[in-house]
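K.L.:
So that we are looking at the same thing, I have put the structure below in C-alpha cells.
The values are calculated or read from the model by the stated rules, or taken from the named source; none is laboratory data. The structure presented is a predicted model; accordingly, all values stated were derived computationally and were not measured. Cβ atoms come from the backbone with ideal geometry, glycine included; neighbour counts cover every protein chain shown.
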Amino acid sequence: MLNIYKTNGGVLNEINEIQPDVWIKLVAPDAEENQHIVDHYGIDYSDLVAALDDEESSRIEFEDKYTLILVDIPITEIRNDEEYYTTIPLGIILTDDAVITVCRQEIEIFERNLRYKMRNFSTKKKMRFVYHILYSISRLYLYDLRNIDKARTDIEERAGKGTLDTDIYSLHELESSLVYFVTSLRANNMVITRLKRTNKFPEDEELIEDTIIENTQAIEMATIYRNIIDSTRELISAVMDNRLNNVMKYLTSITLVMAIPTVISGIYGMNLKWLPFAGTVHGFGIVCVITLIICIITMFILKKKKML
C-alpha cells in the first residue's frame, strides 16, 4: 500500500500524486509500488525493501542521493493464542524532496502520535520530520512497556489466589518481549546518537535531546521490568513450592491418622483371646470408640503443631 501525505498549515493531508516535500508511506508494498518509488527517486531497490526483512538490524547509511535509516519499532503479535510484543524494522529514506517510510505492518498508534501530538510537524522540514518519527517510536516503546508491566502486575496479583499454567506461559512471553525491546532500543539509540552528531540544524537540538532521553528511559524501564519479571517468576515458584509442601503435609497427617484404625483392626483381626475386650459382649463397640478417641487426640496434637 502506498500513501502520499503533505502538510498544509500544520495539517497533514493525503494527496494523490508525488510532489516536492511529501511523506510517502509504504506499508507492505508490492513490487510495482516499490519500483515506482525506485524509478522516481533513484533509490537502490535493496535499500528500499530492507525494512521488509525482519532480520535487518538498525543502522544508518549515507548515499549520494539519499540517507537510509533503519530502526526497530514495537508491534503486537499472537503467540500461544495471546497478544504479546515484538519488534520489526522501519525504514526511513530521506531524499531532497521527500521522506519515505517503509514497514511491513501498519502502526496505528504511531500514526496518531505523528498526526496529532507533534508540535511544529511539517513534511517540508524533512530532517525534523525524521526526528519526530524517532521521538514517536520512543514514546511507543514507553506505552507498550507500561502495558507489559500492567500484565505482569495482574499475574503477580493472581499468584496469591492460584497460579494457572497460562500465567507461567504469559510471564515467559512477557520476558521474551522485553528481550526484543532492550535489544532494539539499544540499536536505535546508536542510530539516534549518530544522527545527533551529523545534525546541522541547531533548532532541532532540543527535539533530538528529547528523543535520546525518551529512548534512554525506555531502555532503563525495559531493563527494570525484566528484572522484576525474574523476581515475579521466583515468587510464583516459591508460592507453588509452598502449596506443594502444604499438600504433602496434609496428606502425611491424614495418612498418619488413618493408620491408627488400620493397625488396631489388624491386631484384633488375629482373633487372639487375650486381647483387651476380646471376650466382652460389647467389645467391638468399645474398641471402635477407643480407636476414635485416639484418632481425635492425634488430630488435636497435629493441629496444635500446625500440621493440619
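K.L.:
Read through the list (1) touching a Ser or Thr at 6+ places or on another chain (Cβ under 8 Å); (2) part of a loop (DSSP other than H, G, I, E, B), then give the number of the only condition that Asp64 fails.
P.N.:
Condition not satisfied by Asp64: (1).
K.L.:
Can you tell which of Thr291, Thr255 is at pLDDT 80 or above, loosely packed, with under 11 Cβ neighbours inside 10 Å, outside the structural domain of Ile168 (by TED's automatic domain parsing) and assigned to a helix (DSSP H, G or I)?
P.N.:
On the way: Thr291 fails: loosely packed, with under 11 Cβ neighbours inside 10 Å.
It is Thr255.
K.L.:
Which condition from (1) under 21 Å from Ile69 (Cα atoms); (2) surrounded by 15 or more Cβ atoms within 10 Å (Cβ to Cβ); (3) not charged (D, E, K, R) is the one that Leu12 breaks?
P.N.:
The number of the failed condition is (1).
K.L.:
Residue check: is Met221 surrounded by 15 or more Cβ atoms within 10 Å (Cβ to Cβ) and either at pLDDT 85 or above or assigned to a helix (DSSP H, G or I) (or both)? It would help to see each step written out before you state the result.
P.N.:
Details: surrounded by 15 or more Cβ atoms within 10 Å (Cβ to Cβ): yes; either at pLDDT 85 or above or assigned to a helix (DSSP H, G or I) (or both): yes.
For Met221, the condition - surrounded by 15 or more Cβ atoms within 10 Å (Cβ to Cβ) and either at pLDDT 85 or above or assigned to a helix (DSSP H, G or I) (or both) - is met.
K.L.:
Please enumerate the residues belonging to the stretch 68-85 that are touching a Phe, Trp or Tyr at 6+ places or on another chain (Cβ under 6 Å) and either crowded, with 22+ Cβ neighbours inside 10 Å or modelled with pLDDT of 90 or more (or both).
P.N.:
Pro74
K.L.:
Sticking with this structure for a sec: Looking at the stretch 39-53, which of its residues are over 29 Å from the mean Cα position of the chain (by Cα) and either in a helix (DSSP H, G or I) or closer than 14 Å to Thr101 by Cα (or both)? Explain how you work it out, then say what you get.
P.N.:
Start the filter on the stretch 39-53 by keeping residues that are over 29 Å from the mean Cα position of the chain (by Cα), which leaves 39-48.
Matches in the stretch 39-53: Asp39, His40, Tyr41, Ile43, Tyr45, Ser46, Asp47, Leu48.
K.L.:
In the set Glu33, Glu83, Glu17, Glu56, which member is part of a loop (DSSP other than H, G, I, E, B) and either touching a strand residue (DSSP E or B) at 6+ places or on another chain (Cβ under 6 Å) or β-branched (Val, Ile, Thr) (or both)? Full working, then the answer.
P.N.:
Details: Glu33 fails: part of a loop (DSSP other than H, G, I, E, B); Glu83 fails: part of a loop (DSSP other than H, G, I, E, B); Glu17 fails: either touching a strand residue (DSSP E or B) at 6+ places or on another chain (Cβ under 6 Å) or β-branched (Val, Ile, Thr) (or both).
Just a single option satisfies the conditions, and that option is Glu56.
K.L.:
Further question: Return the only residue of Glu156, Glu214, Glu175, Glu209 being in contact with a helix residue (DSSP H, G or I) (Cβ under 6 Å, 6 or more places away or on another chain), within 22 Å of Ile60 (Cβ to Cβ) and part of a helix (DSSP H, G or I). Explain how you work it out, then say what you get.
P.N.:
Working: Glu156 fails: within 22 Å of Ile60 (Cβ to Cβ); Glu175 fails: within 22 Å of Ile60 (Cβ to Cβ); Glu209 fails: in contact with a helix residue (DSSP H, G or I) (Cβ under 6 Å, 6 or more places away or on another chain).
Only one candidate qualifies: Glu214.
K.L.:
So how many residues does the stretch 136-151 have that are under 9 Å from the mean Cα position of the chain (by Cα) and among the β-branched types (Val, Ile, Thr)? Show your work before the answer.
P.N.:
If we filter the stretch 136-151 for residues that are under 9 Å from the mean Cα position of the chain (by Cα), which is where we start, we get 144-145, 147-149, 151.
Next, only the ones that are among the β-branched types (Val, Ile, Thr) stay: 148.
Selection size over the stretch 136-151: 1.
K.L.:
Could I ask something else about it? Suppose the filter is out of contact with any helix residue (DSSP H, G or I) (no Cβ under 8 Å at 6 or more places or on another chain), farther than 19 Å from Tyr143 by Cβ, aromatic (Phe, Trp, Tyr) and in contact (Cβ under 8 Å) with a residue 40 or more places away in the chain; does Tyr180 pass it? Break it down into steps so the answer makes sense when it comes.
P.N.:
Numbers: out of contact with any helix residue (DSSP H, G or I) (no Cβ under 8 Å at 6 or more places or on another chain): yes; farther than 19 Å from Tyr143 by Cβ: no; aromatic (Phe, Trp, Tyr): yes; in contact (Cβ under 8 Å) with a residue 40 or more places away in the chain: yes.
For Tyr180, the condition - out of contact with any helix residue (DSSP H, G or I) (no Cβ under 8 Å at 6 or more places or on another chain), farther than 19 Å from Tyr143 by Cβ, aromatic (Phe, Trp, Tyr) and in contact (Cβ under 8 Å) with a residue 40 or more places away in the chain - is not met.
K.L.:
Suppose we filter Thr198, Thr193 for residues that are within 30 Å of Ser176 (Cβ to Cβ), surrounded by fewer than 16 Cβ atoms within 10 Å (Cβ to Cβ) and of a type in the set (Ser, Thr, Tyr); which single one remains?
P.N.:
Working: Thr198 fails: within 30 Å of Ser176 (Cβ to Cβ).
Among Thr198, Thr193, only Thr193 is within 30 Å of Ser176 (Cβ to Cβ), surrounded by fewer than 16 Cβ atoms within 10 Å (Cβ to Cβ) and of a type in the set (Ser, Thr, Tyr).
K.L.:
Right, another one. Keeping to the stretch 91-126, report how many residues are modelled with pLDDT under 65, surrounded by 13 or more Cβ atoms within 10 Å (Cβ to Cβ) and of a type in the set (Phe, Trp, Tyr).
P.N.:
1
K.L.:
Any idea which of (1) modelled with pLDDT under 85; (2) among the charged types (D, E, K, R); (3) part of a helix (DSSP H, G or I); (4) surrounded by fewer than 12 Cβ atoms within 10 Å (Cβ to Cβ) is the one Arg233 doesn't satisfy?
P.N.:
(4)
K.L.:
I would also like to ask the following. Search the stretch 15-35 for residues that are under 19 Å from Glu106 (Cβ atoms) and pair each with any residue that is loosely packed, with under 12 Cβ neighbours inside 10 Å and among the aliphatic types (A, V, I, L, M) when their beta-carbon atoms are under 7 Å apart and the residues are at least 6 apart or on different chains.
P.N.:
Filtered contacts from the stretch 15-35: Val27/Met1; Ala28/Met1; Pro29/Met1.
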